Amino acid sequence: MTQMQLIQKLNSPEPGWTINADVIVIGSGIAGLTAALSARRKNLSVLLLTKDVLSTGSTSWAQGGIAAALGPGDSPDQHFQDTLEAGAGLCDQASVKVLVQEGPEAVRRLIDLGATFDLDSAGNVALTREGGHRQDRIAHAGGDATGAEISRALVAKVIADPKVRIFEHALVLDLLKDKNKRICGVTLHVMGKGKIDGVGAALGRAVVLATGGLGAVFEQTTNPLVATGDGVALALRAGATITDLEFVQFHPTVLWVGANSRGSQPLISEAVRGEGAILRTTNGEELMKNIHPMKDLAPRDVVAHAVHEEIIKSGKPYVYLDGTKLGENIWLQRFPNILSSCRKIGIDPLTEMIPVVPAAHYASGGVISDMSGKTDLPGLFAIGECASTGVHGANRLASNSLLEGLVVAEKLSKHLDGLPPQSEPETEKTPPNLIDGRIRKEITETTTKGAGAVRNAAGLNQTITKLTELALKTTNSPSTQSWEATNLLTVSSFLTNAALRRQESRGSHWRSDFPKRDDEKWLKRIHGKLVEGKLELSEKTLEKK
Ligand code: SIN
């Protein structure tokens, strides 16, 4: 098989305008917004770029909540143990320690900043449970609108600050480097007004990637469709090291809205099971009863696999989530948005069981970074879902992602003292081609077919062959569709090749031809770089802690 040639730099028109700020933040979820505030605390000017509008994105869609050891009887140590167990042997323990120890204070600071969480009858933050947690430690807001409330509070702070300039509808294309190979800005395309329209350059003393996930590489996802893996793809093109992309978490309970439904699908939060709902087969039997001691609240990968296997066994396209015992008050107060999504498709969860399926939800891997966002490229930081700090291992513990975005973005400030002055980007030759935007559907179809929830060598090889053919379908007309298709093809190739290489099943990576976890051979991470358009993967044994 010829090795696939990927695009090392996006074809785009020459920048028609330039803008400067001390720190350029890309993404407006919890990680990007908090990073902007961290930079402002250091009195640095910020340019905040977002692909859609400020308040959209995965954070705003987050239902369940944010995990932190806030309750009586809980402790960072117990949160640490649960995170490691969900991560199936691949968590970076030092990073997890930072996350769980700093988590409670970070959530309290979020409350001080204006985020309003739901309270219990004693006036304390109400805590619920989700899969893999042995304690109630998920703080939530507006019932099932936690992300929207966090986003509201952070956006209010950011827009009130005149030193934060915001560009919406801004798709970042590539990173710019100075003569010392330090990242000193980005090229971007803005659908804007006046001078700031079309392709331009944003120059800064630091660039922070907080672009979110890559769920749109699959046919069905809980992510917004702007989640095309842009941050991972552009960091790869610039020479950064990426890891753990084979670990894409499938959420077990996504509302089944019909066999032909594609794109973003409505999530039914794990918190619904936290409040007592249970999964049932289409014959009405309890699905999780004999599968894991934590039953419906087992770690997410275990539940997703059980749902998937049952769908194959029964020949029915879904299983049921039975929340009929929760009662009207819980549905109305805790899950008003989920209730409304179900009713929109004619299901009343108060009296009827909800048909659910797994769908792509969260990328545990990304750009390698430390717990304050530093990557292996000077001047480049990565935070949130596009980053890989090692806290999630092979399977992220529910509701640890908002926490990670928050904690790491706050800790970014330690790198913002004494940034070097702005430097000039070197000019690089623009290559002629991009992936043709019209093949996006074929990319998502082949990724889902061969590299979806369950994988094997035959399917992964077929997907790689298909992606290699698709990599030849190029265009020399730059457009948003072709920039996104190029990013999708890049991340799909990485995750498919990494999934083929990892010959075991672990966490959210499930190989039907290697059904067992293999600690002898695979206590390793798969790292990768893009060198002259070729993916170079290598294995890194975990350091013993
Ligand atoms: C959910 O509410 O089930 C999703 C929470 C998460 O993905 O962390």
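Any read-out appearing in this document is the output of simple, stated calculations on the displayed coordinates, not a laboratory observation. Since this is a predicted model, take the numbers as computed values, not measurements. Here Cβ is always computed from backbone atoms with ideal geometry, including for glycine, and neighbour counts include all displayed protein chains.
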Could you tell me whether the stretch 112-122 includes any residue that is within 22 Å of R506 (Cα to Cα), surrounded by fewer than 18 Cβ atoms within 10 Å (Cβ to Cβ) and among the aliphatic types (A, V, I, L, M)? no
Search the stretch 246-272 for residues that are over 22 Å from I66 (Cα atoms) and pair each with any residue that is away from the ligand (no atom under 13 Å from the Cβ) and basic (K, R) when their beta-carbon atoms are under 7 Å apart and the residues are at least 6 apart or on different chains. E246/R502
Answer yes if at least one residue in the stretch 35-46 is within 29 Å of E270 (Cβ to Cβ) and either crowded, with 23+ Cβ neighbours inside 10 Å or within 16 Å of the ligand (Cβ to nearest atom) (or both), and no otherwise. yes
Yes/no for D230 being over 16 Å from A398 (Cβ atoms) and either within 13 Å of the ligand (Cβ to nearest atom) or out of contact with any helix residue (DSSP H, G or I) (no Cβ under 7 Å at 6 or more places or on another chain) (or both): no
L489 passes all but one of (1) surrounded by fewer than 23 Cβ atoms within 10 Å (Cβ to Cβ); (2) touching a strand residue (DSSP E or B) at 6+ places or on another chain (Cβ under 7 Å); which number fails? (1)
I'm checking my understanding of the structure. Among residues of the stretch 407-434 that are out of contact with any Asp or Glu (no Cβ under 9 Å at 6 or more places or on another chain) and of a type in the set (A, V, I, L, M, F, W, C), which one is nearest to the ligand (Cβ to nearest atom)? A409
Single condition L84 does not satisfy, out of (1) part of a helix (DSSP H, G or I); (2) closer than 19 Å to L406 by Cα; (3) in contact (Cβ under 8 Å) with a residue 60 or more places away in the chain: (2)
Being within 16 Å of the ligand (Cβ to nearest atom) and either over 16 Å from the mean Cα position of the chain (by Cα) or part of a loop (DSSP other than H, G, I, E, B) (or both) is the filter here; which residues of the stretch 54-66 pass it? G57, A62, Q63, G64, G65
Restricting the stretch 497-523 to residues that are assigned to a helix (DSSP H, G or I) and in contact (Cβ under 8 Å) with a residue 12 or more places away in the chain, which is surrounded by the most Cβ atoms within 10 Å (Cβ to Cβ)? A499
Checking A35 against (1) part of a helix (DSSP H, G or I); (2) on the phi > 0 side of the Ramachandran plot: exactly one of these is not met. Which one? (2)
If H79 satisfies every condition in (1) farther than 19 Å from V208 by Cβ; (2) within 16 Å of the ligand (Cβ to nearest atom); (3) within 19 Å of the chain's Cα centre (by Cα) but one, which is the exception? (3)
Exactly one of G73, G123, G103, G147 is touching a residue at least 60 places away in the same chain (Cβ under 8 Å) and in a loop (DSSP other than H, G, I, E, B), and that one is G73
If you scan the stretch 235-264, which residues turn out to be within 15 Å of the ligand (Cβ to nearest atom), more than 30 Å from E536 (Cβ to Cβ) and surrounded by 23 or more Cβ atoms within 10 Å (Cβ to Cβ)? H251, P252, T253, V254, L255
When residues of the stretch 111-166 are filtered for being among the aliphatic types (A, V, I, L, M) and away from the ligand (no atom under 16 Å from the Cβ), how many remain? 15
